[in-house]
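Please treat every number below as a calculation from the coordinates, not as lab data. It should be emphasised that the depicted structure is a prediction, and the values quoted were computed from it without experimental measurement. FYI the Cβ positions are ideal-geometry reconstructions off the backbone, even for glycines, and counts take in every protein chain you see.
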């Protein structure tokens, strides 16, 4: 008899606790959904109040992670507060790096470091953290490309070149491959390695016959010819780009400059040969 009463009490407590748990979960979901709607409608402060209410009721756990993440997004996208957003995303990462919001929070941290704070050294670290996080290769090489781009911004061209080569090796099916190969040629030109520019250019044209980078590459090859003193070939290369090149004013400047150089060379007097005087 007592056993049955005791079992019934235990069951009652269990289902009561379950009901409370479900009710709390539903209430939290309702608050978060309402906060999302408020944010979409532009009511940022109202959304923040609702999310802070979720945090007061749930200082830890999945709902806390989601609330912190949403608060970070509001600060980042709507309040233009990159520093404030960074704090919330870092808290999400610290709370549960492998949770449903851990990867997205890490991605925002890297982007804020690069674009918001212009802290390029820290951005490289954060993008590398993303690569380490993303072992299943879901990123398409995006983070590796960002690292290469940052080194390019820092004018560390040799390191940028190495990072682009890593992208080609580790992400051979990435949608960044064509642009990466273009960037490699661009950097080789910057480093005055024109023979390599021509070799890479030939390979690129065979692989990407109708590339959107073709005019830029043709411009680089013509620039190499100009710098090496092959003025007529360079002029022909630039001339063929008329109506195609993105920056017509620069193209015109190149053509005019080469025309003047060719004219000067034509008008330059031929060097006189030293006359040998007979030995008396």
Computed over region 30-117, Cα set: Rg, Dmax in Å: 12.1, 35
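Mind sorting 177, 197, 256, 221 by how few other Cβ atoms lie within 10 Å of their own Cβ, fewest first?
Least crowded to most crowded, the residues run 256, 177, 221, 197.
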Simple spin-label estimate for residue 191 and residue 267 in nanometres, 7 Å along Cα-Cβ: 4.1
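If r is the Cβ-Cβ distance from residue 242 to residue 168 and R0 is 41 Å, what FRET efficiency results, to the nearest 0.05?
Numbers: r = 33 Å, r/R0 = 0.80.
With a Förster radius of 41 Å, E is 0.80.
Taking the number of other C-beta atoms within 10 Å as the exposure measure, put 180, 246, 190 in order starting with the fewest. Intermediate values should be presented prior to the final figure.
Details: 180 21, 246 10, 190 15.
If I rank by nearby Cβ atoms, fewest first, I get 246, 190, 180.
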Relative contact order (%) - criterion: Cα under 8 Å, at least six apart; region: region 136-202: 28
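Averaging sequence separations of C-alpha pairs under 8 Å and six or more residues apart, then dividing by the length of region 213-264, give the relative contact order as a whole percent.
Numbers: 43 pairs, mean separation 18.2, N = 52.
Dividing the mean separation by the residue count of region 213-264 yields 35 percent.
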Exposure proxy order (Cβ contacts within 10 Å, fewest to most) of 121, 233: 121, 233
Principal axis dimensions, largest first and in whole angstrom, of region 153-280 by Cα: 78, 39, 30
Overall dimensions of region 213-264 as given by Cα atoms, namely Rg and Dmax in Å: 10.1, 33
On Cα atoms only, tilt of 157-170 relative to the major axis of the chain in degrees: 60
Crossing angle, helix 214-227 versus the chain [Cα axis fit, 0-90 degrees, rounded to tens]: 40
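Can you give the Rg to Rh ratio for the chain, taking only C-alpha atoms and Rh from Kirkwood?
Numbers: Rg = 31.5 Å, Rh = 24.4 Å.
When Rh is taken as the Kirkwood radius, the ratio is 1.29.
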Computed E for residue 55/residue 115 - FRET, C-beta separation, R0 25 angstrom, nearest 0.05: 0.35
Cα long-axis angle, helix 248-267 against the chain (0 to 90 degrees, to the nearest 10): 20
